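Input: a single structure, listed below in structure tokens.
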Amino acid sequence: MKIGFDNEKYLRIQSEHIRERIAQFDGKLYLELGGKLFDDHHASRVLPGFKPDSKLRMFAQLRDQLEIVIVVSAEDIEKNKVRADLGITYDEDVLRLREEFMSRDFMVGSVVITHYNGQQAADQFRKRLERLGIKSYVHYLIDGYPHNVELIASDDGFGKNDYVETSRELVIITAPGPGSGKMAVCLSQLYNENKRGIRAGYAKFETFPVWNLPLKHPVNIAYEAATADLNDVNMIDPFHLEAYDKIAINYNRDIEIFPVLNALFEGIYGENPYKSPTDMGVNMVGFCISDDEVCCNASRDEIIRRYYSATNKMADGLDNEREVNKILMLFNQAKITTAYRRVTVAAQAKQELTEQTAAAMELEDGTIITAKSSPLLGCSAALLLNATKHLAGIDHEAKLIPQSLIEPVQKTKIEYLGGKNPRLHTDEVLVALSVLSKDDEQCRLALEQLPKLRGCQVHSTVMLSEVDRKIFKKLGCGLTCDPVRKK
């Protein structure tokens, strides 16, 4: 697909900027990491060319200088909070993240359990960490946090927390999700380092919003769409404007908390090294956009994708009308409708023409491939076949999978497994092609086209099954669905 982001430049200047920030303090920097450290697919979608593991690759250049501390809230452990994208609880994700980091040769120093107030589930998790040989600490709930600065910046506030022992100059504070208490851990460490005579620094690493892009730039609007469920709002940073007479973009939560942070820094150090929330950031993404139009177009597509994701959740029974309405408002700001997404229009047109549920895919060269449901195949399975046939130069009318092979599979699904939908799913079609490819040249050629589907856009006029959604995700396709459940 068209590239709009210089990933190699990003790796270089981002790591240089972090080194410069470390040098501003006593060789010790606590870096709060917002968003995902790896698998950052939102960034790779709105900034084509940004690799999902770019942050990890960048930090790999600083590997010998850094260690990672993973933060999890005792409240989230107690209520078994689940990561929606992975379907696992936050405490399980702590262990997953640790393994992921260590498998890439990063040092994971410890786990900090925040918002601790004697929760039994947190105690059990801490014992589990101990059995695994993982060092852990607890940080307590502080009355009046974050506004009661006098208490917070005292021995009865941050001073009551466990001091997290770290050995390297760059300490990355990350967590399974938002609201885990990452910032409080950083500030607590600053207080306790200062008591030990070390003037440690704090910085925030969040990719979005991009501070040096316009407020209504599609990349920044796409971030608002991605966080519509949190009701985040991009804003001009008033503190930055006042201090430097320059416009910088931040979001409401950081701007709202800055006066409190300012007071906390003054309570810890006697002064605040930062004049604005934007000053605290170390994000260099905006300097690495190589083709603004490509990124704008990708971001408009992402806004629409977020809209369909929200309406699909609503169709599944979630009470998220505010989220949907927020994204519709962002449509107006971005001056788009769902018709901007070409595959949406193509799939809906195919359904109107055939009176069957339909799907469409936009290939890398802009070609649109469509398919409809039939008694043998679902629309998504038929679409995969049509797309791979097109890319392999196989005649559209060719039947890669004979009906004599499909019918026994359908019989098993209905009669033996108690299913209600006899049509083959995408995974079943791929298995059938794989079996046939040993003796059928066309099937082999069709399978060889699958890597070419990465980055292609797909739309279905019906909400697809979990199996079909996972297949498109594994193929690297950007999938959206009309909020219509299968009958």
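Would you say N325 is at pLDDT 95 or above, out of contact with any strand residue (DSSP E or B) (no Cβ under 8 Å at 6 or more places or on another chain) and surrounded by fewer than 19 Cβ atoms within 10 Å (Cβ to Cβ)? Write out each step before concluding.
Working: at pLDDT 95 or above: yes; out of contact with any strand residue (DSSP E or B) (no Cβ under 8 Å at 6 or more places or on another chain): yes; surrounded by fewer than 19 Cβ atoms within 10 Å (Cβ to Cβ): yes.
Taking the combined requirement at face value, the residue satisfies it.
In the stretch 219-246, the residues that are on the phi > 0 side of the Ramachandran plot reach residues that are at pLDDT 95 or above and in a helix (DSSP H, G or I) with C-beta atoms within less than 7 angstrom, at least six apart or across chains, in these pairs: N231/K326. Count of the stretch 344-395 residues, restricted to those that are open to solvent by less than 40 Å² (accessible area, probe 1.4 Å), assigned to a helix (DSSP H, G or I) and within 20 Å of V431 (Cα to Cα), is 12. Residue count for the stretch 72-87 under the criterion of being more than 22 Å from T166 (Cα to Cα) and either open to solvent by less than 80 Å² (accessible area, probe 1.4 Å) or hydrophobic (A, V, I, L, M, F, W, C) (or both): the result is 10.
Could you run through the stretch 279-289 and say how many residues are within 14 Å of L213 (Cβ to Cβ) and either open to solvent by 40 Å² or more (accessible area, probe 1.4 Å) or β-branched (V, I, T) (or both)? Talk me through it step by step, then tell me what you get.
Initial filter on the stretch 279-289 (within 14 Å of L213 (Cβ to Cβ)): 281, 283-289.
Going one step further and asking which of them are either open to solvent by 40 Å² or more (accessible area, probe 1.4 Å) or β-branched (V, I, T) (or both), we end up with 285, 287, 289.
Here the count works out to 3.
The C-beta contact set for the stretch 403-418 (first residue of a type in the set (D, E, K, R), second residue modelled with pLDDT under 90, distance under 7 angstrom, 6+ apart or interchain) comprises K413/G419; K413/P422.
For the subset of the stretch 234-262 comprising residues that are β-branched (V, I, T), surrounded by fewer than 17 Cβ atoms within 10 Å (Cβ to Cβ) and modelled with pLDDT of 95 or more, which member is nearest to the chain's Cα centre (by Cα)? Here the answer is I236.
Scanning the stretch 396-423 for residues that are among the polar types (S, T, N, Q) and either open to solvent by 60 Å² or more (accessible area, probe 1.4 Å) or touching a helix residue (DSSP H, G or I) at 6+ places or on another chain (Cβ under 8 Å) (or both) returns Q403, S404, N421.
Residues of the stretch 277-293 that are assigned to a helix (DSSP H, G or I) and under 20 Å from the mean Cα position of the chain (by Cα): V285, G286, C288.
Given the stretch 1-103, what helices (runs of 4 or more DSSP H) lie entirely inside it while holding 2 or more residues that are closer than 29 Å to V138 by Cα?
Numbers: elements: 7-23, 41-46, 54-60, 74-78, 90-103.
Fully inside the stretch 1-103 and qualifying: 7-23, 54-60, 74-78, 90-103.
Could you check how many residues of the stretch 88-115 are of a type in the set (G, A, S) and either open to solvent by less than 10 Å² (accessible area, probe 1.4 Å) or under 18 Å from G179 (Cα atoms) (or both)? Give the derivation first.
At the first step, the residues of the stretch 88-115 found to be of a type in the set (G, A, S) are 103, 109-110.
Restricting the remaining residues to those that are either open to solvent by less than 10 Å² (accessible area, probe 1.4 Å) or under 18 Å from G179 (Cα atoms) (or both) gives 110.
Residues flagged as of a type in the set (G, A, S) and either open to solvent by less than 10 Å² (accessible area, probe 1.4 Å) or under 18 Å from G179 (Cα atoms) (or both) within the stretch 88-115 amount to 1.
Only one of the numbered conditions (1) of a type in the set (G, A, S); (2) at pLDDT 95 or above; (3) open to solvent by 10 Å² or more (accessible area, probe 1.4 Å); (4) within 25 Å of L330 (Cα to Cα) is violated by A226, and that is (2).
Just one residue in the set L318, L330 is within 26 Å of T461 (Cα to Cα), more than 19 Å from the chain's Cα centre (by Cα), not β-branched (V, I, T) and not in a helix (DSSP H, G or I); that residue is L318.
Out of the residues in the stretch 157-168 that are within 33 Å of the chain's Cα centre (by Cα) and open to solvent by 80 Å² or more (accessible area, probe 1.4 Å), state the one that is farthest from A184 (Cα to Cα). Checked the stretch 157-168; the qualifying residue farthest from A184 (Cα to Cα) is S167. Hey, can you tell me all the residues within the stretch 181-217 that are farther than 18 Å from P238 by Cα, aromatic (F, W, Y) and in contact with a helix residue (DSSP H, G or I) (Cβ under 7 Å, 6 or more places away or on another chain)? The answer is Y191, Y202.
Taking the stated definitions as given, is S154 modelled with pLDDT of 95 or more and open to solvent by less than 30 Å² (accessible area, probe 1.4 Å)?
Values: modelled with pLDDT of 95 or more: no; open to solvent by less than 30 Å² (accessible area, probe 1.4 Å): yes.
It is false that S154 is modelled with pLDDT of 95 or more and open to solvent by less than 30 Å² (accessible area, probe 1.4 Å).
Evaluating Y30 against the criteria (1) under 18 Å from the mean Cα position of the chain (by Cα); (2) in contact (Cβ under 8 Å) with a residue 24 or more places away in the chain leaves one unmet condition, (1). Residues satisfying the criterion are present in the stretch 2-10 (criterion: at pLDDT 95 or above, of a type in the set (G, A, S) and in contact with an Asp or Glu (Cβ under 9 Å, 6 or more places away or on another chain)). With respect to the conditions (1) assigned to a loop (DSSP other than H, G, I, E, B); (2) farther than 17 Å from I152 by Cβ, N272 lacks only one, and its number is (2). Within the stretch 169-203, being surrounded by fewer than 16 Cβ atoms within 10 Å (Cβ to Cβ) and of a type in the set (K, R) holds for K195, R196, R199. Among the criteria (1) more than 13 Å from the chain's Cα centre (by Cα); (2) surrounded by fewer than 18 Cβ atoms within 10 Å (Cβ to Cβ); (3) at pLDDT below 95; (4) not hydrophobic (A, V, I, L, M, F, W, C), the one P52 does not fulfil is (1).
The values are calculated or read from the model by the stated rules, or taken from the named source; none is laboratory data. Predicted model, so just to flag it, every value in this text is computed and none were measured. Cβ coordinates were reconstructed from backbone atoms using ideal geometry, including for glycine residues, and neighbour counts include every protein chain displayed. Just the protein is used for accessible areas: all its heavy atoms, side chains included, with ligands, DNA and RNA removed. Shrake-Rupley method; radii C 1.70, N 1.55, O 1.52, S 1.80 Å.
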